[in-house]
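Visitor: Quick one: structure below, then a few questions.
The values are calculated or read from the model by the stated rules, or taken from the named source; none is laboratory data. This is a predicted model, so every value here is computed, not measured. Cβ sites come from the backbone with ideal geometry, for glycine too, and all protein chains shown count toward neighbours.
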Amino acid sequence: MSCRRSEDLSQRTIPKFVESITTTVRAQSGSADVQAVVLRTVARRSDSIDLPDVLELRSLLDVDDEQADTLEEQITTIISAIEAELAGWGRREVAA
């Protein structure tokens, strides 16, 4: 994994960030892959996440985002899962 530090996304989970992703998802067809859109957006805004990281995150995320009542809740759930996974990466890199 090429991510050298865990990015604190908590500052980015503010309503504007979620709103931005929500707008992007709604602008796409009804069959938008919400998880992919969130991962792409987080990667674009991060200096430490590159394509291999996005692919690894995609394979590791175990999010039941379909249970969320709203699209905003679904996106927030995915962002929280990404943040938790990245925090784990930081701990593993320190141990390595």
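Visitor: Can you pull out every residue in segment 54-72 that is closer than 22 Å to Pro15 by Cβ, more than 12 Å from the chain's Cα centre (by Cα) and part of a loop (DSSP other than H, G, I, E, B)?
Guide: Once the filter is applied, which keeps residues that are closer than 22 Å to Pro15 by Cβ, more than 12 Å from the chain's Cα centre (by Cα) and part of a loop (DSSP other than H, G, I, E, B), segment 54-72 yields Ala68, Asp69, Thr70.
Visitor: Of all residues in segment 43-68, which are buried (at least 16 other Cβ atoms within 10 Å of the Cβ), acidic (Asp, Glu) and closer than 17 Å to Ala87 by Cα?
Guide: Asp53, Glu56
Visitor: Identify all residues within segment 4-42 that are surrounded by 18 or more Cβ atoms within 10 Å (Cβ to Cβ) and modelled with pLDDT of 75 or more; write none if there are none.
Guide: Listed by number, the residues that qualify are Phe17, Val18, Ile21, Thr22, Val25, Val34, Gln35, Val37, Val38, Leu39, Thr41, Val42.
Visitor: Check segment 26-45 and report whether any residue there is within 24 Å of Gly90 (Cα to Cα), assigned to a helix (DSSP H, G or I) and more than 12 Å from the chain's Cα centre (by Cα).
Guide: Taking every residue of segment 26-45 in turn, none turns out to be within 24 Å of Gly90 (Cα to Cα), assigned to a helix (DSSP H, G or I) and more than 12 Å from the chain's Cα centre (by Cα).
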